[in-house]
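S.K.: Sharing a structure, written as structure tokens. Questions coming.
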Amino acid sequence: MMEFATCRYIDLPKRSDDRGSMTYLESLDHIPFPIRQIGCIRNSCGKTSTEKAYKQNHQVVIALRGLLRFKVDDGLSISTFLLDKPSQALLIPCGKWCQTEIIDISSVGLVIHSMEVDQEDEINSYEAFLNYRKTIS
């Protein structure tokens, strides 16, 4: 299993000309793991759309449109990250509790996973997350 210690922004390549701009990404180049599954988050303005952690699944999230806020908790401290442009992504390693909030109604986020989403890998309560962190520390 790949290990990433902390969340971090990833700057994605962007090409622009008089026709517009294009941002692109490649597995194992811009995204630090093989891409296994891609999902989309939208339509929950001002609400926490997800609150969970994964035991083994790493994620990279991109705001395709609008503004997304992430509160990431490693069991000791909480960091807040904002995404508002498709040329910047956020790596969220496994073992981190993450609250995702969609800030405006038109926001759309692309979620790239290192493995297929599996309910056995998900931790859906903060108490269970803290207990899990104790077992891996």
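The values are calculated or read from the model by the stated rules, or taken from the named source; none is laboratory data. Everything numeric in this text was worked out from a predicted model, so none of it was measured. Here the Cβ is made from the backbone with ideal geometry for all residues, glycine too, and neighbour counts use every protein chain on show.
S.K.: Looking at the range 30-41, I want the residues that are surrounded by 15 or more Cβ atoms within 10 Å (Cβ to Cβ) and have a partner that is at pLDDT 95 or above and not β-branched (Val, Ile, Thr) with Cβ atoms under 6 Å, at least 6 apart or on another chain. Which pairs are those?
M.R.: Pairs found: 30/12; 33/58; 33/114.
S.K.: Hey, another quick one. Only one residue in 76, 130, 82 is in a strand (DSSP E or B), surrounded by fewer than 17 Cβ atoms within 10 Å (Cβ to Cβ) and among the aliphatic types (A, V, I, L, M), so which one is that?
M.R.: Numbers: 76 fails: in a strand (DSSP E or B); 130 fails: in a strand (DSSP E or B).
Result: 82 is the single residue among 76, 130, 82 that is in a strand (DSSP E or B), surrounded by fewer than 17 Cβ atoms within 10 Å (Cβ to Cβ) and among the aliphatic types (A, V, I, L, M).
S.K.: I'm checking my understanding of the structure. Among residues of the range 85-105 that are assigned to a strand (DSSP E or B) and of a type in the set (A, V, I, L, M), which one is farthest from residue 7 (Cα to Cα)? Break it down stepwise before answering.
M.R.: Step one: of the range 85-105, the residues assigned to a strand (DSSP E or B) are 88-92, 97-102.
Within this subset, residues satisfying the condition of being of a type in the set (A, V, I, L, M) are 89-92, 102.
Details: 89: 10, 90: 7, 91: 5, 92: 5, 102: 19 Å.
Among residues in the range 85-105 that are assigned to a strand (DSSP E or B) and of a type in the set (A, V, I, L, M), the one farthest from residue 7 (Cα to Cα) is 102.
S.K.: Something else: Restricting to the range 110-127, what's the tally of residues that are in a loop (DSSP other than H, G, I, E, B) and surrounded by 14 or more Cβ atoms within 10 Å (Cβ to Cβ)?
M.R.: 4
S.K.: Next question, about the same structure. Filter the range 10-27 down to the residues that are among the hydroxyl-bearing types (Ser, Thr, Tyr) and either under 17 Å from residue 65 (Cα atoms) or surrounded by 12 or more Cβ atoms within 10 Å (Cβ to Cβ) (or both) and list them by number.
M.R.: Across the range 10-27, the qualifying residues are 21, 23, 24, 27.
S.K.: Based on this model, can you work out whether residue 38 counts as of a type in the set (A, V, I, L, M) and assigned to a strand (DSSP E or B)?
M.R.: Considered against the rule, which asks whether it is of a type in the set (A, V, I, L, M) and assigned to a strand (DSSP E or B), residue 38 comes out as yes.
S.K.: Hey, residue 53 hits all of (1) part of a loop (DSSP other than H, G, I, E, B); (2) small (Gly, Ala, Ser); (3) crowded, with 19+ Cβ neighbours inside 10 Å but one; which does it fall short on?
M.R.: Single failed check for residue 53: (1).
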